[in-house]
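Since the structure comes first, as structure tokens, the remarks are kept for the end.
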Amino acid sequence: MDRIVIQGGARLEGRIAISGAKNSALKLMAAALLTDEPLTLTNMPRLADSRFMGHLLARLGVRVEEGPGAQMQLHAAEIGDTFAPYDLVRKMRATFNVLGPLVAREGQARVSLPGGCAIGARPVDLHLRALEALGAEIELSEGYVDARAPKGGLVGAEIDLPFASVGATEHTMLTASLARGETVIENAAREPEIADLGACLTAMGAVVEGAGTSTIRIQGRERLKGITHRVVGDRIETTTYALAVAAAGGDAVLDGAVWAHNKALWAAMHEAGVTAEPADEGVRVARNGDRLDSVDIETQPFPGFPTDAQAQFMALMTLAAGTSVIRETIFENRFMHAPELARLGADITVHGNEAIVRGVARLKGAPVMATDLRASVSLVIAGLAAEGETVVNRVYHLDRGFERLEAKLSGCGARIERQSE
């Protein structure tokens, strides 16, 4: 099993290229099921998660080909199977989003319920309610969802989500693009990845208005066409490298980062004493080495502070002067990185959904264990700032969401390498 070894204390100077957004790319890949023409995605991240999705789509009959650079072509000329087995769906929750497109195009599907999640319960009941509102008949049996469209196909409907679920919003958008008439999603999630999916579906022939706002209107079409679409830059990768520069010190430009997608983060970093500003079709982040100021944050749906950046920001706050309060309002069990950060010398107390971080003057390297994707990269950030050697074990979590992490960091001066046991 691989591990990452970091010799801390090196400043980060230079440029880091931001890859396409994982959370957008996976749903865009599912959109290939909506058309019998090729869908070409550029700026695609090369990740374990995108490979998992590719394997499932290939099982359903989609031809998946990786092209030069960061390009992927998906062609579902015919759907060979509408069965998505547990062994493929359990690896990643985003694979569940094939259900709606299969029902919309083929009239039926049998898809496994997704597996458990280390960071808390993430039920799919809102997904199923949305499909039922569009006319699908849903049955649950032995861990599978059996869904069938009525004889005339799915029909647009008004869907009012009880909370702004990203997954349910995206799943509804995908499905409604092949439903007859208009679908209106109220209390829709507003994340940039929603807007990216809306732009892709509109280019394919559906009419999607309001993606990125709390009300989305979709005019479905009988068939959609193939297009070429560029995946939006990954705002969570952006936050991660920005916080790495802030923790280690240095001056770097994040190429391809979208300033408007992380305003809550930039505000928190500014309050902590870190420079962040738009620059050269990206974002410049700099810290001169002065002691950081403590900042309280509370995770919120977009445009609030993202839950997927909470662990990374906690790593930064371990070195701040004073005490920070970090409240997690999106997922339970999302402080599993706290005990591992403590192994590096951090002073963190967790009470329910609140973590109290008392800043220390320095961290010291130690062996640590990754527990999930965002937690694992928070340990990398802490290791970059710590004195001595930090060894991060179980880094397969990192490969799910970060492309060439060691190469990107070492290109800016970090002393970091991957080792195989």
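Miscellaneous remarks
- If you count Lys pairs in the chain whose Cα atoms are under 23 Å apart, skipping same-chain pairs closer than 8 places in sequence, the total is 5.
- Based on Cα contacts under 8 Å between residues 6+ apart, region 22-230 shows a relative contact order of 21 percent.
- Net charge of the neighbourhood of His337, taken over other residues with C-beta under 9 Å away and scored Lys/Arg +1, Asp/Glu -1, is 0.
- Highest GNM mean-square fluctuation among Asn393, Asn262, Asn288, for the chain modelled with Cα contacts below 10 Å: Asn288.
- log10 of Debye I(q)/I(0), alpha-carbon scatterers only, for region 45-87 at 0.15, 0.17, 0.20 Å⁻¹: -0.38, -0.48, -0.64
- For the pair region 1-47 / region 320-398, the C-alpha centres are spaced 24 Å from each other.
- Packing rank of 40-50, 237-247, where each peptide gets the mean count of other beta carbons within 10 Å, highest leading: 237-247, 40-50
- From least to most packed, judged by other beta carbons within 10 angstrom and beginning with the fewest, Trp266, Trp259 follow the order Trp259, Trp266.
- Extending 7 Å from the Cα toward the beta-carbon at both Glu137 and Glu186 defines two label points whose distance is 2.9 nm.
- For region 174-306, the Cβ-based charge dipole about the Cα centre amounts to some 600 debye (Lys, Arg positive; Asp, Glu negative; other atoms uncharged).
- FRET efficiency, Thr228 to Gln300 (Cβ-Cβ, R0 45 Å, nearest 0.05): 0.85
- Anisotropy class of region 22-230 from Cα gyration tensor, a/c 1.5 cut: rounded
- Ranked list, fewest to most other Cβ atoms within 10 Å of each Cβ, for Asp160, Asp308: Asp160, Asp308
- Other residues lying with their Cβ under 9 Å from the Cβ of Asn353 contribute a combined charge of -1, Lys and Arg counting +1, Asp and Glu -1.
- Share of alpha-carbon pairs per 5 Å distance bin for region 78-167, given as whole %: 3, 14, 24, 25, 20, 10, 3, 1, 0
Every number here is computed from the coordinates shown, using simple stated rules; none is lab data. Because the structure is predicted, anything quoted here is derived from the model rather than measured. Methodologically, a virtual Cβ is constructed for each residue, glycine included, from the backbone with ideal geometry; neighbour enumeration extends over all protein chains shown.
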